[in-house]
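S.K.: Structure below; questions to follow.
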Amino acid sequence: MDFEPQYTPEQEEFRQEVKAWMKDNVPPGIVHPADPIDLTEEQYQLRRDFGRRLGAKGWLWATAETEYGGGGLDVEHAIVLEEEAEAAGLTIPPFYDSGGRLGGASIVVWGSDEQKKFFLPPIFKGEVRTWQLLSEPEAGSDLANVKSTAVKDGDDYIINGQKVFVGSSLGCDYMWTLTVTDTEAKRHENLGWFMIPSDLPGITVQPMDLLISGGESGAGSGVKNTVFFDNVRVPAFNLIGGHNQGWKVATTHLELEHGTGGKISRNVVVDKLFDYCRTNNRRGEPISKDSDAREKLIDVHIEQEIVRLLQLRNYWMRHSGVTTTYEGPQASYLRKTLGLKMSRHILDILGPAALTFDPKLGASEGHMEAHSRAGIIAIHPGGTTDIQKVIMSRRIGIGREVREKAGALS
Amino acid sequence: MDLSLTPEQEMLKTAVRRFVQQEYPKETLLQIASPTEPTPTEPWERLTQTGWLGILIPTEYGGEGGTFTDAGVLFEELGRGPVPGPHLSSSVLAALTLLEGGTDEQKREWLPRMATGEVRMVAAVTEADYGWLEGDVRLTAKQNGNGYTLNGAKAYVYDGETATHLLCAARSEQRNEVGLVIVPANDPGIKTRHLPGFAWNLSEIAIENVSADSFQVLGGVLAGGWEALEKAEQKAIPVLCAYQVGGSQAIYELSVDYSRTRHQFGTPIGRFQRVQDQIINLLNALDAARWTAYEALWKLDIGRESADSVHLAKAVGSEGYYEACNFAHEVHAGVGSMTEYGLTLHTAASRTLYHYLGDPKFHRHRLADALGL
Ligand SMILES: Cc1cc2nc3c(=O)[nH]c(=O)nc-3n(C[C@H](O)[C@H](O)[C@H](O)COP(=O)(O)OP(=O)(O)OC[C@H]3O[C@@H](n4cnc5c(N)ncnc54)[C@H](O)[C@@H]3O)c2cc1C
């Protein structure tokens with residue numbers, strides 16, 4: 001066993017190249033608002049611009065095939081890129097995007113050659129930003145219960161319906177979505193999966209007012225929206241995977257969203273909490289020396305290490321082609337419950353300083369206040385904690401006659 | 001043994017519930033909580049007209065002279081809103097502090113006007129180095145003729161912005177005694193600043209060269225002021241716990257209703273055992289908080305030694321309200337995070353009240369002391 005990526009001399013050279021490139025290309029003046037809702041248009045464009053530069057080099061989606069605009073690199077190269085971006089204070093992609101990791105993955109698996117050539121390069125090169133439009137008022141956990149419809153009309157589909165809790169602030173270029181394509185067909189066999197240009201007539205985007213929308217860093221979504229489709233005419237070419245095949249297409253990105261992709265980056269909130277407690281005093285002593293605070297901090301550390309290792313395991317499994325079953329939702333479940341528990345620990349350790357982003361009386365430039373809100377909200381997107389347990393149970397073969405298989409990844 | 005409310009208390013409960021439904025519907029509460037919309041003032045004016053703010057103030061000072069359990073009933077119903085203060089901070093905590101440590105003259109001067117809500121007096125105790133111990137008070141009081149000059153800053157003051165007067169904890173430079181000084185909130189040396197974010201009605205109060213004569217010093221001298229505050233806290237805490245219970249009760253009902261009406265996978269979500277678990281956990285937190293709070297109130301009413309019950313109630317109550325909100329969020333998922341739904345009003349309240357008058361850790365330590373450990 002080896003828990004560390006081993007780099008060949010060629011890969012180490014690659015790291016030097018990336019380092020040098022980052023120095024020249026990371027735009028100066030990037031800020032990381034604690035709550036992504038505070039990301040300005042100007043800041044967003046800086047990030048988009050950096051994304052395009054990464055994309056042009058094949059470094060935005062490094063492991064995606066070159067034929068479709070990816071980097072065609074192996075996992076070690078991708079890890080190097082992620083590590084170097086992290087060292088520069090950024091993530092890859094450096095802005096909220098649901099195209100490369102999720103929607104794109106479904107197109108890779110289920111799209112026709114023509115569709116892949118058309119839709120994927122702009123995504124993998126960072127030319128477009130894409131939103132995920134799944135949830136509806138009647139379809140949250142029960143996603144297959146979507147009510148929006150796509151009716152065939154000549155060479156087009158006409159889409160009607162309403163999506164909720166979707167997207168981000170500052171707009172997008174594409175939306176991918178799941179709608180009913182056949183009102184007569186059985187559940188799971190009645191859906192279509194579409195890539196929709198966001199500037200089509202009949203699409204209205206309305207921001208929702210939520211306690212907070214995003215998670216940990218400035219790459220979060222900012223706001224979530226209600227999106228209305230009112231007789232939106234979409235070419236049949238934009239239907240991926242075929243008529244009534246939408247559920248199958250969705251299983252791919254759902255699998256990834258449920259944690260199966262794994263993750264190797266650090267939890268920034270945990271790092272910031274530890275830094276804050278080391279460098280700030282209470283009653284004349286660093287907070288980190290207070291015995292009650294230490295107990296909670298170690299609690300956070302232990303759970304975070306477990307989550308890190310399970311995410312690392314999943315990352316390895318995905319990239320070495322090992323079949324997964326329950327591992328994705330397991331990591332998701334533990335990550336979500338850690339976030340929730342951590343918000344109470346932060347409140348215990350920091351007192352009411354955890355509840356304000358006031359520059360003087362708040363903590364860690366508002367990051368602790370943002371987590372106090374996010375801990376309780378970030379447990380819902382991508383399937384609630386309950387749903388992660390439901391999926392885990394099916395995958396290990398309890399509660400159902402047959403073990404459910406994981407969605408196809410590639 | 002009889003754990004029921006008296007007929008009068010039941011009547012009070014019904015009256016307050018109706019009042020809160022009428023005067024503080026969700027839309028009004030959201031408007032008050034909004035950082036951008038103007039705060040409507042009529043509901044508060046109507047609350048002052050009910051006389052309920054005087055519930056613990058003796059009749060000789062224009063109050064109702066009610067029992068602690070009466071106050072618990074009232075504040076439980078206000079907590080269902082949650083109706084924002086400064087009711088508990090002023091007419092319970094500050095009024096009880098005056099009763100504990102004020103001179104006769106001070107009681108006559110302030111209590112009747114606190115009962116009518118004309119005076120909203122808020123205790124300003126905690127500072128940037130946060131804590132509820134006497135040693136945490138740094139704000140200085142420098143002898144100045146018959147009175148004092150105050151300098152320093154209070155932080156995370158609950159209800160500070162709505163106060164007409166502050167009951168300010170201060171430490172004398174000469175004798176290192178901690179006492180309480182009543183200062184008008186509009187003194188030119190006082191700057192009150194809202195703390196933005198998830199916090200519910202917290203502020204910073206900077207105090208610069210504010211002078212006070214001896215009539216403004218609780219009890220006439222600083223010495224003994226802190227003890228009066230601590231005694232008053234011991235009585236105010238169970239009332240605060242009842243307020244937290246009201247909040248948990250409201251979101252319990254909200255969660256049960258939602259689990260009956262929200263359908264997923266063709267069935268009400270309340271049929272899912274995982275959802276049932278969340279609601280059962282919520283109910284357990286609620287009942288634990290309810291009975292620890294009411295036993296402490298009862299002990300105060302019959303004059304029994306109550307320190308252990310009070311600390312127990314606040315430790316259980318603060319955790320209970322906090323966790324109840326988490327369970328409710330799990331039940332509601334996406335809908336619960338929408339401001340307009342109203343659950344987040346409680347979530348914000350539960351986080352701030354978690355610390356107010358001492359967080360669970362503080363009370364666990366004091367409970368251990370009370371048990372002679
Ligand atoms: C901040 C935020 C961001 C989001 N981002 C997106 C996005 O980008 N795109 C998108 O499409 N959606 C998004 N969502 C929506 C999210 O996916 C849903 O909120 C989530 O799937 C839960 O659905 P729901 O809110 O309708 O809750 P419901 O499905 O109504 O669930 C209510 C309760 O019932 C439980 N439950 C439901 N079914 C079962 C079951 N079978 N067994 C046990 N318990 C069950 C749930 O666990 C929960 O406790 C976002 C939501 C939030 C809050």
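The values are calculated or read from the model by the stated rules, or taken from the named source; none is laboratory data. Source: prediction; values computed, not measured. Using ideal geometry, Cβ is built from the backbone for each residue, glycine included, and neighbour counts are taken over all protein chains shown. Ligands, DNA and RNA are stripped out before the accessible areas are found, and what is left, the full protein with its side chains, is counted by its heavy atoms. Shrake-Rupley method; radii C 1.70, N 1.55, O 1.52, S 1.80 Å.
S.K.: Students often forget the sequence filter, so: which aspartates and glutamates lie under 12 Å Cα-Cα from residue A:23 once same-chain residues fewer than 8 apart are removed?
M.R.: Within reach: A:84.
S.K.: Under 1.5 on a/c is rounded, so check that first for the stretch A:9-124, then, if it is not, pick prolate when a/b is larger than b/c and oblate when it is not; a ≥ b ≥ c are the square roots of the alpha carbon gyration tensor eigenvalues.
M.R.: Oblate, because a/c is 1.5 or more while a/b does not exceed b/c.
S.K.: Between residue A:365 and residue A:281, what is 0.36 nm times their sequence separation minus the Cα-Cα distance? Round to one decimal in nm.
M.R.: Roughly 28.6 nm would be gained on extension.
S.K.: Related question: Among A:137, A:179, A:408, pick out the residue whose Cα is farthest towards the positive end of the charge dipole of chain A, where Lys and Arg carry +1 and Asp and Glu carry -1 on C-beta, about the Cα centre.
M.R.: Farthest along the dipole direction, towards plus: A:137.
S.K.: So which residues in the stretch A:280-296 end up with at least 30 square angstrom less accessible surface once the other protein chains are there, compared with the chain by itself, probe 1.4 angstrom?
M.R.: A:282, A:283, A:292
S.K.: About its Cα centre, how strong a charge dipole does the stretch B:226-370 have in debye, to the nearest 20, once Lys and Arg get +1 and Asp and Glu get -1 at the Cβ?
M.R.: I would put it at about 240 debye.
S.K.: Just grab the label-to-label distance for residue B:193 and residue A:389, each label 7 Å out from Cα along the Cβ direction, in nm (one decimal).
M.R.: 4.5
S.K.: With unit charges on the beta carbons (Lys and Arg positive, Asp and Glu negative) and the dipole taken about the Cα centre of the stretch A:287-410, which residue among A:382, A:363, A:293 sits farthest to the positive side?
M.R.: My answer, from the dipole projection, is A:382.
S.K.: Next question. Once you keep just the Cα pairs under 8 angstrom separated by 6 or more residues, what percentage relative contact order results for chain A?
M.R.: The value is 15 percent.
S.K.: Which log10 I(q)/I(0) values does the stretch B:7-119 give at q = 0.15, 0.21, 0.22 Å⁻¹ under the Debye formula, counting every alpha carbon as one identical point scatterer?
M.R.: -0.65, -1.12, -1.19
S.K.: Simple spin-label model, 7 Å along Cα-to-Cβ: residue A:3 to residue B:14 in nm?
M.R.: Going by the 7 Å Cα→Cβ label model, 6.5 nm.
S.K.: So, with a 1.4 angstrom probe, what is the percent of accessible area on the protein assembly as shown that is carbon and sulfur?
M.R.: Ligands and nucleic acids excluded, carbon and sulfur give 51 percent.
S.K.: Can you give the accessible area per residue of the stretch B:255-307, in Å², using a 1.4 Å probe?
M.R.: Normalised by residue count, the accessible surface of the stretch B:255-307 is 55 Å².
S.K.: Then there is this: Using the heavy atoms of the protein chains and a 1.4 angstrom probe, tell me the accessible area per residue for the stretch B:135-209 in square angstrom.
M.R.: 39
S.K.: Another question, then. Which lysines does residue B:191 reach when only Cα atoms under 27 Å apart count, and residues fewer than 8 places away in its own chain are ignored?
M.R.: Once the sequence-local lysines are set aside, what remains near residue B:191 is A:360, B:107, B:142, B:154.
S.K.: Now for a separate question. Determine the calculated [θ] at 222 nm for chain A from helices alone, applying -39500 (n - 2.57) to every DSSP H run no shorter than 4 residues and normalising by the residue count; nearest 500 deg cm²/dmol.
M.R.: -13000 deg cm²/dmol
S.K.: Which trypsin sites (Lys or Arg not before Pro) does the stretch A:126-219 hold that lie in a coil by DSSP with at most 13 other beta carbons within 10 Å?
M.R.: Of the trypsin sites (Lys or Arg not before Pro), the ones in loops of the stretch A:126-219 whose Cβ has at most 13 other Cβ atoms within 10 Å are A:186, A:187.
S.K.: Which length gain, in nm to one decimal place, applies between residue A:151 and residue A:189 when the Cα-Cα distance is subtracted from 0.36 nm times their residue separation?
M.R.: 12.2 nm
S.K.: For residue B:36 and residue B:281 in one chain, what is 0.36 nm times their gap in residues minus the Cα-Cα distance, to one decimal in nm?
M.R.: Length gained, residue B:36 through residue B:281: 84.6 nm.
S.K.: Right, here's the next one. To the nearest whole number, what is the average tally of beta carbon atoms from other chains within 10 Å of the beta carbons of peptide B:128-139?
M.R.: 2
S.K.: Counting only C-alpha contacts under 8 Å and six or more residues apart, can you give the relative contact order of the stretch B:248-332 as a whole percent?
M.R.: 40
S.K.: Take the Cα coordinates of chain B, assign each an equal point scatterer, and use the Debye formula without solvent to give log10 I(q)/I(0) at q = 0.07 Å⁻¹.
M.R.: Evaluating at q = 0.07 Å⁻¹ gives log10 I(q)/I(0) of -0.30.
S.K.: Give, rounded to the nearest 20 debye, the magnitude of the charge dipole that the protein assembly as shown has about its Cα centre when Lys and Arg contribute +1 at Cβ and Asp and Glu contribute -1 at Cβ.
M.R.: 980
S.K.: With a 10 Å cut-off between alpha carbons and a GNM built on chain A, which of A:286, A:207, A:122 moves the most?
M.R.: Of A:286, A:207, A:122, the most mobile in the Gaussian network model is A:286.
S.K.: If the elastic network links every pair of Cα atoms under 10 Å, which of A:98, A:393, A:343 fluctuates the most in the Gaussian network model of chain A?
M.R.: Its mean-square fluctuation being the largest, the pick is A:393.
S.K.: Let me ask you something else. As a test of the definition: with a 1.4 Å probe, what buried accessible area, both sides summed, do you compute for A against B, in Å² to the nearest 100?
M.R.: The A and B chains share an interface burying roughly 3900 Å².
S.K.: Give me the dipole magnitude in Debye, nearest 20, for chain B about the Cα centre, with unit charges on the beta carbon: positive for Lys and Arg, negative for Asp and Glu.
M.R.: With only Lys, Arg, Asp and Glu charged at Cβ, the dipole is about 640 debye.
S.K.: At what distance in nm do the modelled label points of residue A:323 and residue B:260 sit from each other, each positioned 7 Å from its Cα along Cα→Cβ?
M.R.: Each label point lies 7 Å from its Cα, and together they span 4.7 nm.
S.K.: Which of the peptides B:275-281, B:329-335 is most tightly packed, and how do the rest follow, judged by the mean count of other Cβ atoms within 10 Å per residue?
M.R.: Final packing ranking: B:329-335, B:275-281.
S.K.: Tell me the relative contact order for chain B as a rounded percent, counting alpha carbon contacts under 8 Å between residues six or more apart.
M.R.: Computed value for chain B: 15 percent relative contact order.
S.K.: Please name the residues of the stretch A:131-156 whose accessible area, counted over protein heavy atoms with a 1.4 angstrom probe, falls by no less than 30 Å² between the chain alone and the full protein assembly.
M.R.: A:142
S.K.: Probe of 1.4 angstrom, ligands and nucleic acids ignored: what's the accessible area per residue over the stretch A:265-379, in square angstrom?
M.R.: Accessible area per residue: 42 Å².
S.K.: Taking every residue in A:341-352, how many Cβ atoms of other protein chains lie within 10 Å of its Cβ, on average?
M.R.: Per residue, the number of nearby Cβ atoms from other chains is 5 on average.
S.K.: Continuing with the same structure: Running a GNM on chain A with Cα contacts under 10 Å, which residue among A:200, A:60, A:90 ends up with the highest mean-square fluctuation?
M.R.: Largest GNM mean-square fluctuation: A:200.
S.K.: Quick one: what do you get for the stretch A:128-259 if you divide its Cα Rg by 2.2 N^0.38 Å?
M.R.: Relative to the rule-of-thumb radius for its length, the stretch A:128-259 sits at 1.01.
S.K.: Less than 19 Å apart at the alpha-carbon level, and either on another chain or at least 8 residues along: which lysines does that give for residue A:248?
M.R.: Of all the lysines, those that pass the test against residue A:248 - Cα under 19 Å, at least 8 places apart if same chain - are A:116, A:147, A:186, A:405.
S.K.: Sort the following peptides by mean Cβ neighbour count (other Cβ atoms within 10 Å, averaged over residues), highest first: B:7-15, B:84-92, A:33-41, B:115-123.
M.R.: Peptide ranking by packing, descending: B:84-92, B:115-123, A:33-41, B:7-15.
S.K.: Show log10 I(q)/I(0) for chain A at q = 0.10, 0.12, 0.13, 0.14 Å⁻¹, two decimals, from a solvent-free Debye sum over equal Cα scatterers.
M.R.: Computed log10 I(q)/I(0) values: -0.70, -1.03, -1.21, -1.40.
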